[in-house]
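The values are calculated or read from the model by the stated rules, or taken from the named source; none is laboratory data. Model, not experiment: these values are computed from the prediction. Here the Cβ is made from the backbone with ideal geometry for all residues, glycine too, and neighbour counts use every protein chain on show.
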Amino acid sequence: MPFVFTPLAAISGFAAVCAAVIGMLAWERRRMTGARWLALLMLAVAVWAGAATMELSVTLLADKLFWSKAEYFGTLSAPVLFMLLAADYNQLDSVLKPRAVLLLFAIPLIALSLALSNEHHSLIWSGFHSSPAGYNLLVYEHGALFWVLVAGYSYLMMVMGSMLLVRTLHLYPAHYRGQSLLLMAGAVIPWVGNVLYLTGYSPLQGLDPTPHCFALTGMVFAFDLLYLRLLYVVPIARANAFNAMGDGIVVIDTQKVILDINPAAASLFGKPASVMTGQKLPIPALVEVADKDGEHQVELNGRGSRAILEVRSFPVRECGVTLGGRMLVLRDISRQRLAEEALHQAYQQLKNRIDEIESLQESLREQALRDPLTGLYNRRYLEETLRREISRAQRENTALSFALIDLDNFKHINDRYGHIVGDKVLCALATLLRHQCRQGDIVCRLGGEEFIVVLPSANSHQGYVRLESLRADFANTLQMTETGNFQTTFSCGIASFPKDGANFAQLYQLADQALYYAKANGKNQVALYPMDHTAHTLSR
């Protein structure tokens, strides 16, 4: 493998060494936010620049193509790692999960496989020729998929990473914005080098200065990391938040010894944070729940005081690795609990009052719709319900019978046997009607000795048959008194919808005419309206 020394090869080699050194320094501080991704980024740049050094040094075409393919390991990895570094700096943990990282590297892996097998399809580069600038440079004629899978995807990653760095200008306090701007300036350097290379405006045609620019970016990042401590912004911010939080936070080890405690938690224990650090948890109830993940409630009883703490306990992890300690987040919910208990008590009292009122309203409604003597519905209920039944009969094109019942000789019963016996007769008729009518029938007492039975889905003939059966049963029932037993009867007039009337007033008037006809023709009978050809006289 023949070699030739050129200044460009020396520059690339120097960039590779610088990137490797920065990567090692960053890896030693890999527990710091972003340091691990910076180390991996510099590793990719070192591979990229190192392979470029070899390509610029070898003279045979086959050797140049081999090292050009090796460059793609760094070329395709560096933009993705740059974006992951920016994501870590922005605390975007969802982007840093292993599955998300693998998805981000999916397209680079495809592009790498195409680059390694380019001689079979020429999709990454279609040709090459010597650079007019000399220096052992080779100019590649890029294929169609290079612009999509290599250049396009790399620029997408760089744009996303740069946007995340811009986001930090608003994410962190003004004190750190100068450092963020410096980091952004370092991110611009690879853009300049890559644009010059792809557009052909580089004075040394065929030379890709992007790995050199990434090495400079790594120097800027390392300067911030080691001296300005830019990547400590997040820990500093978290430390400030730790001390300023209203919730108490306690960090303990496996022996329940307090490693760190914020002022809010120390105030719950009644001691300064400096005194509590290094001591074991002072409250047995906290010790019991310290090893249990999730939320718990602990009650603290002091001298004449009672405090209720909501405790959230979880292990301390870094990059998915459990470090052995646990964190307790304490919130005093005593006032909230007292307020909830008072609110629940007030709610229960209000609910009981509402239940009483609803029960009373239901009772009053029933009383307003029921006849107090017989327990049957009254005229008010009848008028409300009959309108609904007539509407349904119209909708379903069915008939409806309206029967008006009146006890025969009821005044004579009151005069001879007394009003108490008369009330018993009314109740006996009400009981008969209630028990022998269908569930869907409507039975009401209008007042005095008048009753109404509404028979849905029954025409005048069916209504007559049913009321005639009721009349016969009632006539055969003996009414018992202390002075002797007697028989009672009733007369009935029937009108039907829609043949005779269309509303309560019309049906009542026509049924009353039929009832009057039955009374005039001997009582104890059922008469249908119109009476001239359907009247029935069944005197007993």
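Does at least one position in the stretch 384-391 carry a residue that is assigned by TED's automatic domain parsing to the domain that holds Ile442 and among the polar types (S, T, N, Q)? Within the stretch 384-391, one or more residues are assigned by TED's automatic domain parsing to the domain that holds Ile442 and among the polar types (S, T, N, Q).
Among the strands (runs of 3 or more DSSP E) confined to the stretch 435-534, the ones with at least 3 residues that are touching a Phe, Trp or Tyr at 6+ places or on another chain (Cβ under 9 Å) and touching a residue at least 60 places away in the same chain (Cβ under 8 Å) are located at 442-447, 450-456, 490-497. Residues in the stretch 481-502 that are surrounded by fewer than 15 Cβ atoms within 10 Å (Cβ to Cβ) and within 21 Å of Gln436 (Cα to Cα): Gln487 alone.
Among the helices (runs of 4 or more DSSP H) confined to the stretch 1-103, the ones with at least 1 residues that are among the aromatic types (Phe, Trp, Tyr), in the same structural domain as Ser113 (by TED's automatic domain parsing) and surrounded by 20 or more Cβ atoms within 10 Å (Cβ to Cβ) are located at 35-57, 61-89.
Yes/no matrix, rows are residues, columns are (1) at pLDDT 75 or above; (2) assigned by TED's automatic domain parsing to the domain that holds Leu56; (3) not small (Gly, Ala, Ser):
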{"position": "Ser117", "(1), (2), (3)": "yes, yes, no"}
{"position": "His129", "(1), (2), (3)": "no, yes, yes"}
{"position": "Trp147", "(1), (2), (3)": "yes, yes, yes"}
{"position": "Tyr172", "(1), (2), (3)": "no, yes, yes"}
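Each residue in the stretch 338-384 was checked for being over 20 Å from Leu429 (Cα atoms) and either hydrophobic (A, V, I, L, M, F, W, C) or exposed (fewer than 10 other Cβ atoms within 10 Å of the Cβ) (or both), and 11 pass. Looking at the stretch 385-416, which of the residues that are basic (Lys, Arg) and within 30 Å of Asn476 (Cβ to Cβ) is surrounded by the most Cβ atoms within 10 Å (Cβ to Cβ)? Per the criteria, the residue is Arg416. I'd like the residue in the stretch 417-437 that is small (Gly, Ala, Ser) and surrounded by 14 or more Cβ atoms within 10 Å (Cβ to Cβ) and, out of all such residues, is nearest to the chain's Cα centre (by Cα). Top of the filtered list is Ala430.
Scanning the stretch 446-476 for residues that are of a type in the set (S, T, N, Q) and loosely packed, with under 14 Cβ neighbours inside 10 Å turns up Ser469, Asn476.
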